[in-house]
Amino acid sequence: EDLEHGSADLILREADGILVPGGFGSRGTEGKIKAVQYAREMKVPYLGICFGMQLAVIEYARNVCGLEGAGSTEFGDTPHPVIAILPEQEKIRQMGATMRLGNYPAHLLEGSLAHRIYGKTNIVERHRHRYEVNPAYIKPIEEKGMIFSGRNGDLMEICEIPEHPFFFGSQFHPEMKSRPGKPSPPFLAFVEAMKERKAK
């Protein structure tokens, strides 16, 4: 299927890596999902931040798990709300806010890409989002090969595809802690993955 400005292959063929950043709303999401699919299928290094992680989960649910029409409740009705506002946030919304803001911890799965990137199993990163991975879909997604390697209780913080050279999505915003001379670990690892791909 064509994107607005041609096929994903024509647009992304020369890319050493694909990054889908944070964002809100439904505008442009289908094109971004096509970019995620291209990165996954063509083994191009992928970094998804916040919205970029959510779209990676949606793409995987649709195209690998066979959950047709999977989406986010942010975009309206969907037969498979793999991304949603969780019940505990609904309670907060009644008080006028649902956004998860500021620092939150995450526990990383030992031996995962996330663990290799950070070099430790417990991290703290900054957040700014409302929607989360719906816990009801975690098992069917993980059974098909995507794993949630960073978690904060029932909140999924990191997704990755172990069989992919570099496919990493974070619900948090690692760029918020990046500093000159001390780059954010996911960004540094993404650049290294692109260099490796270029060297082949």
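The values are calculated or read from the model by the stated rules, or taken from the named source; none is laboratory data. It should be emphasised that the depicted structure is a prediction, and the values quoted were computed from it without experimental measurement. Heads up, the Cβs are rebuilt from the backbone with ideal geometry, glycines too, and the neighbour counts pull from every protein chain shown.
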Q.
Suppose we filter K34, K43 for residues that are at positive phi and modelled with pLDDT of 90 or more; which single one remains?
A. K43
Q: Please specify each residue of region 146-189 satisfying the condition of being touching a residue at least 40 places away in the same chain (Cβ under 8 Å), part of a loop (DSSP other than H, G, I, E, B) and either in contact with a Cys (Cβ under 7 Å, 6 or more places away or on another chain) or surrounded by 14 or more Cβ atoms within 10 Å (Cβ to Cβ) (or both).
A: M146, I161, H164, P165, F166, Q171, F172, H173
Q. Of the residues G71, G25, which single one is touching a Ser or Thr at 6+ places or on another chain (Cβ under 9 Å), within 26 Å of P186 (Cα to Cα) and either in a strand (DSSP E or B) or modelled with pLDDT under 95 (or both)?
A. G71
Q. When A61 is evaluated against the numbered criteria (1) among the small types (G, A, S); (2) crowded, with 23+ Cβ neighbours inside 10 Å; (3) within 20 Å of F187 (Cα to Cα), which criterion, by number, is the only one it fails?
A. (3)
Q: Just name the residue that is modelled with the highest pLDDT out of those in region 82-138 that are charged (D, E, K, R) and over 22 Å from S178 (Cα atoms).
A: E110
Q) Mind checking which pairs have a first residue in region 63-77 that is of a type in the set (V, I, T) and a second that is part of a loop (DSSP other than H, G, I, E, B) and at pLDDT 95 or above, Cβ under 6 Å, 6 or more apart or different chains? A) V64/K144
